[in-house]
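The values are calculated or read from the model by the stated rules, or taken from the named source; none is laboratory data. Since we're looking at a predicted model, the values are computed, not measured. Every residue, glycine as well, gets a Cβ built from its backbone with ideal geometry; the counts of neighbours run over all protein chains shown. Only protein heavy atoms, including side chains, enter the accessible area calculation; ligands, DNA and RNA are left aside. Shrake-Rupley method; radii C 1.70, N 1.55, O 1.52, S 1.80 Å.
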Amino acid sequence: MSVPLLKIGVVLSTMAMITNWMSQTLPSLVGLNSTKLSVAPPGVPDRSTGVLPANPEESWQVYSSAQDSEGRCVCTVVAPQQTMCSRDARTKQLRQLLEKVQNMTQSIQNLDQRTQKDLQYVQRMEVQLRGLESKFKQVEESHKQNIAKQYKAIKEKMEELRPMIPVLEEYKADAKLVMQFKEEVKNLTSVLSELQEEIGAFDYEELHNRVSNLEERLRACMQKLACGKLTGISDAITIKTSGSRYGSWMTDPLAPDGDTRVWYMDGYHNNRFVREYKSMADFMYSDNFTSHRLPHPWSGTGQVVYNGSIYFNKFQSNTIIKFDFKTATISKSGQLDYAGYNNRYHYSWGGHSDIDLMVDEGGLWAVYATNQNAGNIVISKINPLTLQVIKSYATNHPKRSAGEAFMICGTLYVTNGYSGGTKVYYAFHTNSSTYEYIDIPLQNKYSHISMLDYNPRDRALYAWNNGHQVLYNVTLFHVIRSEEL
């Protein structure tokens, strides 16, 4: 092969490497090979690409709030998304990406310089080829007879070179493409620099201080709020359909942050197995669970999980048992003196529901009935460590006439039934030992409620409704102490 052809072969090989690098390496460096940059709607982070919105303030969200019915003491806390506070990882990734782009820019500049030299050579060669072709035509016309033999050899060489002309045209187009890439990388570098400056403007320490300040203000505001009085219950939210007509399910109101385990107990007697689901999502969408075997069967549906232990009424007894899930042992047991059991003073739906354990903002409670109180409901505050009764309150409401009951902020709320049209109609306030009749509708979506408990962490009612696990949001009226306004 002649020297010109060798030179062209080297150029074409170089262009093949450039094209391959442009189509594969460049997109991976700038993150375009698997994701597409898109603009998130205002106030919504683009989670598919991790790109922050143009205005960081728009990505903040409502953290928590509390207010009274007249709108006073509004404690709405707006906190940044946690991803914004993770500035170290985000900024490091951005800096690394920027460095890659800068290195890539330098490489393209060097490549561009070499390409320009090769392009100049190719252009000269193209002119020479076209001129040579023209001269050949002239020779062919005027000296056909004199130099026929020499011309034949030259023409064969020319035929070999002719296919190179469109290749050279393509090479010039590829050179132009290199220039386009160079301009796009330049623009991308500018955008990344602006983004880095934007993120850098929100220093991690500054964000952390602002969040801490907001949390302190929230706690101060919440301290001004007395416990709420129930004024409304939302429609039922069906979480899952499973199990028999009777049962109980719950989460731990004292579980640490991030612990959203769900506890599930099917049936109301002669059963010992408690299911543990890792999260509410697992409970809703899968059957993956861990099974715990209790040392005794439970009675009724009034069990509660509280601070890592389950409290339940031992079957056919007035004994309360505290079972620790971590150690799988009974950590404490005790009796409720005079409490009726074995379907003596059950709720109106039956089911060995004589003793109902429940939790509110104040701690652990037991609701039951005694002969001494003529079968009317007795409310006892229980020490969760010793299971000793701290204080008891005798009410005038018959236990057998109650559909279900739950505690919120030291007040016992009782429903008028368990099937058909249901409402909360009786409230006993332990702080004043007084009662009142109220009228708060409760949607009985599946016509048979066998468990109804309040979770103070979620501010929601958990219910077992005829083989359906449902939730109700509650509305509480907060009384604000005037001396703290």
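A few points about this structure:
- Here is the figure for segment 464-478: residues that are under 20 Å from residue 263 (Cβ atoms) and within 22 Å of the chain's Cα centre (by Cα) total 4.
- Hits in segment 310-326 (condition: without any contact (Cβ under 8 Å) to a residue 40 or more places away in the chain and part of a strand (DSSP E or B)): 314, 319, 321, 323, 324
- Filtering segment 272-319 to residues that are surrounded by fewer than 22 Cβ atoms within 10 Å (Cβ to Cβ), closer than 28 Å to residue 371 by Cα and in contact with a strand residue (DSSP E or B) (Cβ under 7 Å, 6 or more places away or on another chain) leaves 296, 297, 314, 315, 316, 319.
- Pairs, first on the phi > 0 side of the Ramachandran plot and in the same structural domain as residue 409 (by the TED database) in segment 357-374, second part of a strand (DSSP E or B) and open to solvent by 30 Å² or more (accessible area, probe 1.4 Å), C-beta under 6 Å, six or more apart: none
- Pair list, Cβ under 8 Å, 6 or more apart: segment 440-456 residue assigned by the TED database to the domain that holds residue 347, other residue of a type in the set (Asp, Glu) and open to solvent by 20 Å² or more (accessible area, probe 1.4 Å): 443/235; 445/235; 456/361
- Matching entry among 363, 340 (being over 29 Å from residue 227 (Cβ atoms), of a type outside the set (Ser, Thr, Tyr) and open to solvent by less than 10 Å² (accessible area, probe 1.4 Å)): 340
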